[in-house]
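Participant: Please see the structure below; I have some questions.
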Amino acid sequence: MLCRLGVKNDILPRPKGRGILKKMANKPKHEHSDRDRIYTPEQIVKTLISKIPSKPEDSWCDCCYGKGVFFNNFPTENKEFFEIDMGKDFLTSDKKFDWIVTNIPFSQPKTFIQKMSDNCIKGFGILCLANSMTASRLKELEKKGLFLNSASILYIKDWGFGYRTDFYVFTKERNPNFEVLIQEKTKLNNGDGIPPKPKDLGILPTII
């Protein structure tokens, strides 16, 4: 995937040390794994929330409440949260909101991307590992009428690992200043290092 960003990204300093990764490697990938208990610093949350192109009357939802840092900084009282540890499971709810914004469990990107896209009215903002937003997921979201509006790149020292995380904002309207380029596999790009034959390109040999 090739991505050309037409809006300013937030780039934070890359952290030193990767000790937590060794601990995470032996943890199971479920709702109680370490990667699902990583909380976002409040000052960063405020910056990320400012990326949402909301209106004062819009409804907001934090579908992974955690310690409430996203929910408590939403710019409205028209808001609701879900937290499975509190007996409120977003994945089983059909309630819709104008905006759904959260730091998702890093071990469940596919599930939350699908559910957030199903339950949002105007769009959603999702903080996840950079490799969670694949080309196929971007194309699936476009089929649902959700387009990438902006992306912020983060390296958070408090998390203690070097993986890049991104905050993606998807909206029902395209942002003319933001472009995502996805190159499909072609005969010119077959990946085997062997140049294509002329006939494969539809070129006939010239006889002189």
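The values are calculated or read from the model by the stated rules, or taken from the named source; none is laboratory data. Quantities reported herein were computed from a predicted structural model and do not represent experimental measurements. As a convention, Cβ positions derive from the backbone with ideal geometry for all residues, glycine included, and neighbour counts pool all protein chains shown.
Participant: Report those strands (runs of 3 or more DSSP E) wholly inside region 135-189 carrying at least 1 residues which are among the polar types (S, T, N, Q) and closer than 20 Å to VAL45 by Cβ.
Facilitator: 147-154, 165-171
Participant: Kindly indicate the residue of region 61-94 that is among the charged types (D, E, K, R) and not in a strand (DSSP E or B) and also nearest to TYR39 (Cα to Cα) among those meeting that condition.
Facilitator: LYS67
Participant: Given the criteria more than 29 Å from PRO56 (Cα to Cα) and buried (at least 20 other Cβ atoms within 10 Å of the Cβ), does PHE106 qualify?
Facilitator: In short, yes.
Participant: Sort through PHE70, PHE81 and tell me the only one that's within 20 Å of PHE167 (Cα to Cα) and within 18 Å of the chain's Cα centre (by Cα).
Facilitator: Every option except PHE70 fails the conditions.
Participant: Say whether the condition of being of a type outside the set (Gly, Ala, Ser), surrounded by 13 or more Cβ atoms within 10 Å (Cβ to Cβ), in contact with a Ser or Thr (Cβ under 6 Å, 6 or more places away or on another chain) and modelled with pLDDT of 50 or more is met by at least one residue in region 45-56.
Facilitator: Yes: region 45-56 contains one or more residues that are of a type outside the set (Gly, Ala, Ser), surrounded by 13 or more Cβ atoms within 10 Å (Cβ to Cβ), in contact with a Ser or Thr (Cβ under 6 Å, 6 or more places away or on another chain) and modelled with pLDDT of 50 or more.
Participant: Looking at GLU83, GLU77, GLU142, can you tell me which residue is free of Cβ contacts under 8 Å to residues at least 12 places away in the same chain and more than 30 Å from GLU184 (Cα to Cα)?
Facilitator: The conditions single out GLU77.
Participant: Related question: Closer than 19 Å to ARG174 by Cβ and free of Cβ contacts under 8 Å to residues at least 60 places away in the same chain: is that true of MET133 in this structure?
Facilitator: yes
Participant: For region 86-106, name all the residues that are under 20 Å from PRO53 (Cβ atoms), in contact (Cβ under 8 Å) with a residue 40 or more places away in the chain and in contact with a Ser or Thr (Cβ under 8 Å, 6 or more places away or on another chain).
Facilitator: Matches in region 86-106: ASP98, TRP99, ASN103.
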